[in-house]
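The values are calculated or read from the model by the stated rules, or taken from the named source; none is laboratory data. Note that the structure is predicted; figures quoted are calculated from it, not measured. All Cβ positions, even for glycine, are placed from backbone atoms using ideal geometry, and neighbour counts span all protein chains on display. Please note that ligands, DNA and RNA were not included when accessible areas were found on the heavy atoms of the full protein model with its side chains. Shrake-Rupley method; radii C 1.70, N 1.55, O 1.52, S 1.80 Å.
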Amino acid sequence: MGKLTLTTLLFLACLAAGGQEALKQTVKGIITDADSKMPLAGATVSIGEQSTITDSTGEFQLANVAIGRSQLSVSMVGYDSKKTEVIVNSGKEVYLAIPLVENIRQMDAIKIVARRNRSKPLNEFASASARSFSVEETKRYPAAVYDPARMAMNYAGVANNGDGNNDIVVRGNSPKGVLWRLEGIEIPNPNHFGALGNSGGPISMLSSSTLGASDFYTGAFPAEFGAALSGAFDINFRTGNKDKREYAFMIGGMGIEAAAEGPFKKGSAASYLVNYRYSTLALLSGFLDIGGVLPEYQDLSFKLNVPTKRAGTFTLFGLGGLNTASKDPAKDSTKWNDDDPNFVLNGKGRMGVAGLVHQYFINERSYIRTTLSPSVNGYREIVDSLNPSSHYDLVSLSRTDNQDLNFRASVVYNNKINANHTVRAGVLENHMRYRYSLRYFDEADDTWRETLSGKGSANYYQAFAMWKYRVNALVTVNTGVHASHFDLNGTGTIEPRMSVTLQPGKNQVVTLAAGIHAKPEHLSTYLYVPNGTPAGTYPNRELEIPKAAHIVLSYEKGFRNGFRLKAESYYQHLYDVPVEEKQDSYFSMLNAAAIYDLLDIGTLASEGTGTNYGIDITLEKPFSRNYYALVTGSVYRSRYTNFSGNEFNTRFNREYQVNLISGREWKTGRLGKNIIGLNGKVLASGGMKESPIDLEASRTRGKVQYVTNEYYSVAGDIYARFDVGFSYKINKRHSTHIISLDIQNITNRKNLYFSWYDNDNETVKKVYQLGFFPIFNYRIEF
């Protein structure tokens, strides 16, 4: 141990040592019109005393910019000026894509301009319940571990669904209601080991090396967003460096990964960006309790960008991953327990999505964007047990085999008519194919029995139209409608959306947004065959598409010291929700997180409803003066009705949540070229709701039985956690080294996860979440 410590210290000393010359780097990018997306020539871009003018393609370049944090300013006649913070490292050039908003001149005499809001969404049609995020935030926030979903758990109105997964609960809704988009089109769940029909998983496939500036929504989405009930991630990959080849390598607790980017050939405007990762988490099994299951995974992400002079820009992107989960218990029954039970597991999952995007500017104010995207998502699993009375021979338990195939296409037209009016319209088609089988071996009858099964195909068509009307410098109105048609059963939706944004005073913004939103259930819900139903019949085929009416009132104010205060009150009414068609049933899809929640559930009916309401408060200071702070608080209620119309808490009704996050950086070295970072987070929330188990009835029945009409009436213990993160950034002449240690739950508090009925022992047992969990990373960029 002493030799290891000495080696580490010598390694850090060698990295920090070297010449003390001032380090410089290039900052470049493109300036565009926020509404038309056209490049803007003649914009002035400056950092400190350096400045330049964008060329005919809207691009700029500033050479020899000092490393560290700098403020970049952009100005142009006829447009609102913009300032943004730039983090300059010695290892890689900085590329920025900055949109400018055209001025509205008629009210200059009384024009009121709000202070710059770094969290303003990239989508110019977004208003309330939306914000942008950067790769820097996925690195900075404690326990985020470069994962957009875990990072979003720091925002107001967002809670986790368990430490071991990145499923997010948005304003009391099931994680199933979250939409993932990549480069403007829906994609499958981009997480390793995600369950069928879910939106999360233990480990994200998205890499910080490819992730670009993106948006996150918690409600009242613009009309272009369909297939979402609660939240949406609108993810973008950044474009690779078209002038210089650059590389990155990282090794740590979550994997070993390598990234490369650069031009296809010297002088070409085309570029590539690629990242590959292989897991190392299995190596931690000897030091940390990761549940007895060994996870292995690998993933690949890439983006190829090919602009042409006349035919527009072509982009090819992709994201995919393979994963395996295995478990082999000891052939010694005395060692079996709840933490290491008697089952043998062999599971293999895969996800892959690719997309070809073509964007063509019809003229300087309008463009058309076409996307084609196939995807596959599947999982196979074999579960057996060991028979100690027969030389520990294998005993079959269950077999799982599922696969989703999707072929998506979209065409979007955007036209900035003038500074006041912008319209956007589009059509989307999703052809879905599905196969699912879950079987268990019935030892009593010595036969295999189907628990869930189904297969089939369907098409989901969507269309939208939006209009943004900037009435004047103080008032903006966004209106639109989204429509859908599900040809499996002929159901469809008409979803009007509208928002009004006002600036009643300096540095103040008030927004009222409302709309109808809809998301079909996973295809398996419509096509699976419940236990006991004759084969070839699909009793859930005619279910309606679940819908939610959102209304949000938002107030935001900026202060001179850089702080921003935002308060949002909201109300959501959910209807046409599938519930089990039994008078005394507790089941509603609002409490489900994946297809596995349908086990032992009978025929469904679209008779359920739900209600979510609350207030989210955010006090944020973006990084400046060497520190940042984020305080978020939420108070809310989440309720649902079953088939008989009785109302209960949802399982996700935590009722409140508070996050306190802050971080600071210190410059070190003679020229301040190295940086030490310290980040901390305190989280407290109400516990997940549970249904009380009727112990005597469960013993009599031989399976779990809940107390009738007291569903989700018991609140779990208060959930609390303290996370910290440390980082040390070392800038060398041609490289940047980053050493980080992220510790989740530093006090090793074991938060309650759920309670369950153990039929073998006829007792109620509790499962607890992750305790102390450190993640170490070393990254080099060059």
Exercise. Can you pull the accessible area of Thr334 for me, 1.4 Å probe, Å² to the nearest 10?
Worked result: 120
Problem set entry | Top positive-direction residue, dipole computed over the chain with Cβ charges, set Met498, Ser214, Ile545 | Ser214
Exercise. In the structure shown, do any of Lys667/Lys750; Lys327/Lys519; Lys82/Lys468; Lys681/Lys765 have a Cα-Cα gap over 28 Å, and if so which?
Worked result: Lys667/Lys750; Lys327/Lys519; Lys681/Lys765
For this session: State to the nearest 20 debye the size of the charge dipole of the range 520-568 about its Cα centre, where the only charges are +1 on K and R beta carbons and -1 on D and E beta carbons.
Result: 460
Exercise. If Lys and Arg each add +1 and Asp and Glu each add -1, what is the summed charge of the other residues whose beta carbon sits under 12 Å from the beta carbon of Ile693?
Worked result: -1
Problem set entry | the range 118-158 and the range 507-545: distance between their alpha carbon centers, rounded to Å | 27
Problem set entry | Amide H within-cut-off set for Lys92, under 5 Å, with H built and near neighbours excluded | none
Seminar exercise, completed: Output ordering of 181-189, 414-422, 612-620, 436-444 (per-residue mean of other Cβ within 10 Å, highest first) is 181-189, 612-620, 414-422, 436-444
Exercise. Okay, helix-only estimate at 222 nm for the chain: each DSSP H run of n ≥ 4 adds -39500 (n - 2.57), divide by all residues, round to 500 deg cm²/dmol; what do you get?
Worked result: -1500 deg cm²/dmol
Seminar exercise, completed: Descending packing, highest mean Cβ count within 10 Å first, for 83-96, 27-40 is 27-40, 83-96
Problem set entry | Prolate/oblate/rounded label for the range 177-258 (Cα gyration tensor, a/c 1.5) | oblate
Exercise. Which Cα, out of Leu62, Ile617, Gly172, lies furthest along the positive dipole direction of the chain (beta carbon charges, K/R +1, D/E -1)?
Worked result: Leu62
Exercise. What does the charge dipole of the range 563-605 about its Cα centre add up to, to the nearest 20 debye, if the Cβ of each Lys and Arg holds +1 and the Cβ of each Asp and Glu holds -1?
Worked result: 420
Problem set entry | Cut-off 9 Å between beta-carbons: net charge of the residues surrounding Asn123, Lys and Arg +1, Asp and Glu -1 | -4
Problem set entry | Total formal charge among the other residues, if their Cβ is under 10 angstrom from that of Gly614, Lys/Arg +1 and Asp/Glu -1 | -1
For this session: Taking a cut-off of 20 Å between Cα atoms, list the lysines near Lys266, but don't count ones fewer than 8 places away on the same chain.
Result: Lys28, Lys92, Lys242, Lys244, Lys303, Lys309
Exercise. By how many degrees, between 0 and 90 and to the nearest 10, does the Cα long axis of helix 2-16 differ from the longest principal axis of the chain?
Worked result: 30
For this session: Find the centroid of the Cα atoms in the range 182-211 and in the range 666-709, then give the distance between the two in whole Å.
Result: 21
Exercise. In sequence order, what are the phi-derived ³J(HN,Hα) couplings for the range 618-627 according to the Karplus relation 6.51 cos²θ - 1.76 cosθ + 1.60 with θ = phi - 60°, rounded to whole Hz, with x for glycine and proline?
Worked result: 10, 10, 9, 10, x, 4, 6, 6, 6, 8
For this session: Rounding to the nearest 20 debye, state how big the charge dipole of the range 424-463 is about its Cα centre with +1 on each Lys and Arg Cβ and -1 on each Asp and Glu Cβ.
Result: 480
